[in-house]
Every structure is written in C-alpha cells, then in structure tokens.
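The values are calculated or read from the model by the stated rules, or taken from the named source; none is laboratory data. Just so it is clear, the structure is predicted and the values come from calculations on it, not from any experiment. In this analysis, Cβ positions are derived from the backbone assuming ideal geometry, glycine residues included, and neighbour counts consider all displayed protein chains. Just so you know, the surface numbers come from the protein's heavy atoms only, side chains and all, with ligands and any DNA or RNA stripped out. Shrake-Rupley method; radii C 1.70, N 1.55, O 1.52, S 1.80 Å.
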Amino acid sequence: MLTVNAYAATSPTDPLVPTTIQRRDVGPTDVLIAIRYAGICHSDIHTVRGDWGPIAYPQVVGHEIVGEVVEVGAEVSRHAVGDRVGVGCMVNSCRECENCRAGMENYCLRGNTQTYASVDRDGTVTQGGYSTHVVVDQDFVLRVPEAIPYEAAAPLLCAGITTYSPLAHWNAGPGKRVAVVGMGGLGHLAVKLAVAMGAEVTVLSQSLSKEADGRRFGASGYYATSDPATFEALANTFDLIVNTVSAPLDLGAYLRLLRLDGTMVNVGAPPEPLPIQVFTLFGNRRTFAGSSIGSIAETQEMLDFCAEHGIATEIELIDAAGINDAYERVLRSDVRYRFVIDTATLG
Ligand code: NAP
Ligand code: ZN
Ligand code: ZN
C-alpha cells in the first residue's frame, strides 16, 4: 500500500480538509500515476454535498486527472513509465455485459466502477483525483497528447468527453444548428467542440456577461435566458440542444426551440425530476435524451480530436487550499471556465 496526500470531504456541509489515503499495491495490470493536475467538476460538488444521495465519508473526489506513469504491473502493455496519461470518471467495469462487450463501458449494465464514491473490486470505496497518486487498471487509462497543455487537458477527461459524446452521437457538424445551455465547465467545451465539428453554435446563458468569451470560443449566437424574448426569437430553430445546467430548468421552454426532428440532450444532472408536457414533444417530432460521459475508446478519440483542433480547457489554476472557495464560486456560476488543482500543493 502507498500512503498519499489528498483533500477529502468529511460531511455534506464541512469544508474539504487535507488528509492521507491508501492506494492499493500495483497489480499485474495496474498503472501507478503521479497526478499533476485535477479538475473540479460540478459532479464533485453534487457528490460531496449529498445531492445525489448519501455517501460514506471521508471521501476524496475528482475525476479529471492527468499525470505521469511512475510504475506499471508485470502484464501492462498499453502504458510505460514516463507516459503522460489521464483518468476520467470510471476506473473499471464488468467487461462482460452486452454494453461492455460493445465497447460502451460507460453504460455497463452492472454499473461501472466510478473513480470515486464507488465500491471497487476489492470491496473498498474508490477515492478520486484530489490526491497525489492513483492506481488504475491499464484499460481505463488514456493517452494525453503532448499538443494539449498539461493542466488544460485534465478537464477534458470528464467535461470534454461528456459533451463530445452527445455532439458526435447526434451528428453535430456542417449544416447543423447547435445550442449549448449553460456556459460553465461542460458548456464552454461543448461550444469549442461543436464549432470544431463544423456546426453553427449558439450559447444560451443566464445573462450576456460572458458573450465576448462565447464568441471567442466560436459561437455565432449568444442569448440571455433571463430575457423572455430569447424564447420567442429562437422558437423552432435548433437541430440539437445540449443542456449542461446543474439545476432544474423549464424543459418545455427549451424543447420548443427545437426544429423538426431536433433533439435536446441533457447532460446536466440536477437531483430533482424534471417534468415534461408530452405535447411539446409531439410538435416537430422532438426528442428528449440523456447521455453519460463516454466510452474509453471515445474518450481517446476526443483527446486526439482536441489535439488535432487545438482545443483545450480555459482554466483557473488553484492551490489545494483554494478548493473550498472554488466550490463556492462554481455554485455561484462564477467559473471561467474550470478550476484545476495543482496537486503539488496537496502537502
Ligand atoms: P458548472 O461549471 O457549474 O456549469 C453549469 C452552468 O450552468 C453554469 O456555469 C451556468 O451557466 C448554468 N447554471 C447554473 N445554475 C443555473 C441555474 N440555476 N439556472 C440556469 N443556469 C444555471 O458545472 P459543470 O461542471 O459544467 O457540470 C454541469 C452539470 O453536468 C452538473 O450537474 C454535473 O453534475 C453534470 N455532469 C454530467 C455528466 C454526465 O455524464 N451526464 C458528466 C459531468 C457533469 P451560465 O452562467 O452560462 O448560465
Ligand atoms: Zn465530471
Ligand atoms: Zn458491463
């Protein structure tokens, strides 16, 4: 076992605190990674605050991890010491179910092993990336291209793949009008990715305060959802709407912005159920869908796509001591556009 520095939540309400945790010995197919940077995803906050249900404390979160391989098991063939690698939201899956066999381990029918707050194969609860080291099976470790700056690569492992996957699945591309709702961590990457795929992209944000940034990321339209005129002006417009908002929304108002055969895909994960008036779906034969991160193969594809198109996350680099302030700023939608922890400051 390896004892490593980390930051953990001890209750739904108390600030995260420095601690140490144990990482398992490196098994035959495992890779030991020295973590350099870890992104702060809104899911980390939902989890530690108990939004999605009770969890066991203390809990270390973080599933946007990049670092260097420092040790490999005897049977590891996919990664070598010194490689620049990443880990996202999952660290294992059953590998046997229909979805795993189809290479869609993010939809494992037995539930994939999440990077944190999940029961691991040895019965322990997984601990995430706000730590200096992690041990992960080689099949769940990604190659991070040199072309992507290290710290800006970390958030791609969750925010990047979570938006890339629905954009790719619903064919965002030339001739398609795509709207991104909420321009936070996921949202700003959704804009950059959809633009790189060739789509015409519009941002729907609570206000116009980030319009200059949205246009710099390539959006050609930018509207405030606090203005009721937005919903009249954009009725029956979009082929695809990607909703990244972490709180409940009036879905009907957004669904009415879809044109014929358009799809609204929810990646935002508020704990509350969201009601839908089915007649809104009848109009324009609309679809309401969900999407959960992406497979390991698709995550690699996304990282390679980002390297090829010069896409990286806009980040604010923080020390470990800044994690609790960063949480408060994310909750106030005051994020430009992802906080990333320099793990050298974990103690
Ligand atoms: P984030 O950085 O906080 O961004 C969310 C954005 O939503 C905010 O920046 C804000 O954008 C908008 N927003 C927040 N509260 C709002 C409200 N009350 N009404 C309207 N708009 C609001 O969060 P994130 O890290 O991108 O994550 C977003 C959500 O996706 C979270 O619920 C997270 O758990 C979920 N998620 C899901 C998956 C998946 O696999 N499906 C993966 C990762 C994350 P504006 O200021 O532009 O309005
Ligand atoms: Zn996440
Ligand atoms: Zn499975």
- request: Give, as residue ranges, the strands (runs of 3 or more DSSP E) completely inside the range 156-256 that count at least 2 residues that are within 20 Å of the chain's Cα centre (by Cα).
  value: 177-181, 200-205, 238-243
task: State yes or no: is I21 surrounded by 18 or more Cβ atoms within 10 Å (Cβ to Cβ), within 18 Å of the chain's Cα centre (by Cα) and in a strand (DSSP E or B)?
output: no
task: Give the residue that is most open to solvent (accessible area, probe 1.4 Å), with candidates limited to residues of the range 213-224 that are within 12 Å of M183 (Cα to Cα) and not basic (K, R).
output: Y223
- request: Consider only pairs whose beta carbons are under 6 Å apart and that are at least six residues apart or on different chains; among these, list those whose first residue lies in the range 176-202 and is modelled with pLDDT under 95 and whose second residue is crowded, with 24+ Cβ neighbours inside 10 Å.
  value: none
query: Is the range 302-312 home to any residue that is within 16 Å of ligand 3 (Cβ to nearest atom), open to solvent by 30 Å² or more (accessible area, probe 1.4 Å), assigned to a helix (DSSP H, G or I) and not assigned by TED's automatic domain parsing to the domain that holds L16?
result: no
- prompt: Are any residues in the range 319-340 more than 19 Å from H188 (Cα to Cα) and not in a helix (DSSP H, G or I), and if so, which ones?
  reply: D319
query: For the range 161-193, how many residues meet the condition of being closer than 16 Å to G268 by Cβ and among the small types (G, A, S)?
result: 7
Output for the range 33-54, where each listed residue is away from ligand 2 (no atom under 12 Å from the Cβ) and surrounded by 18 or more Cβ atoms within 10 Å (Cβ to Cβ): I33, I35, R36, Y37, V48
- prompt: Would you say V85 is in contact with a helix residue (DSSP H, G or I) (Cβ under 8 Å, 6 or more places away or on another chain) and more than 10 Å from ligand 3 (Cβ to nearest atom)?
  reply: no
task: Please specify each residue of the range 257-283 satisfying the condition of being in a loop (DSSP other than H, G, I, E, B) and either touching a residue at least 12 places away in the same chain (Cβ under 8 Å) or crowded, with 21+ Cβ neighbours inside 10 Å (or both).
output: L257, V267, G268, A269, P270, P271, E272, L274, P275, I276, Q277
V191 being farther than 20 Å from I315 by Cβ and open to solvent by less than 10 Å² (accessible area, probe 1.4 Å): no
- request: Taking the options G86, G73, G67, name whichever one is small (G, A, S), within 16 Å of ligand 2 (Cβ to nearest atom) and more than 26 Å from G50 (Cβ to Cβ).
  value: G86
field: Index of the failed condition, C100 passing every other in (1) part of a loop (DSSP other than H, G, I, E, B); (2) within 16 Å of ligand 3 (Cβ to nearest atom)
entry: (1)
query: Residues of the range 79-105 being open to solvent by 50 Å² or more (accessible area, probe 1.4 Å) and either within 24 Å of the chain's Cα centre (by Cα) or within 16 Å of ligand 1 (Cβ to nearest atom) (or both), which ones?
result: D83, R95, R101, A102, M104
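Check S118, S93 and return the single one that is without any contact (Cβ under 8 Å) to a residue 60 or more places away in the chain, within 15 Å of ligand 2 (Cβ to nearest atom) and small (G, A, S).
Sole residue among the options that is without any contact (Cβ under 8 Å) to a residue 60 or more places away in the chain, within 15 Å of ligand 2 (Cβ to nearest atom) and small (G, A, S): S118.
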task: Return yes or no: is V76 in contact (Cβ under 8 Å) with a residue 24 or more places away in the chain, in contact with a strand residue (DSSP E or B) (Cβ under 7 Å, 6 or more places away or on another chain), among the β-branched types (V, I, T) and away from ligand 1 (no atom under 16 Å from the Cβ)?
output: yes
- prompt: Is the range 124-140 home to any residue that is within 16 Å of ligand 2 (Cβ to nearest atom), open to solvent by 20 Å² or more (accessible area, probe 1.4 Å), on the phi < 0 side of the Ramachandran plot and touching a residue at least 12 places away in the same chain (Cβ under 8 Å)?
  reply: yes
- request: Check whether at least one residue in the range 286-300 is part of a helix (DSSP H, G or I), in contact with a Pro (Cβ under 9 Å, 6 or more places away or on another chain) and surrounded by fewer than 15 Cβ atoms within 10 Å (Cβ to Cβ), and report yes or no.
  value: no
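Given the options L193, L167, L204, L189, name the one that is in contact with a helix residue (DSSP H, G or I) (Cβ under 9 Å, 6 or more places away or on another chain) and either closer than 17 Å to C41 by Cα or within 16 Å of ligand 3 (Cβ to nearest atom) (or both).
L189
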message: Taking the conditions exactly as written (open to solvent by less than 10 Å² (accessible area, probe 1.4 Å) and in contact (Cβ under 8 Å) with a residue 12 or more places away in the chain), does A159 satisfy them or not?
response: yes
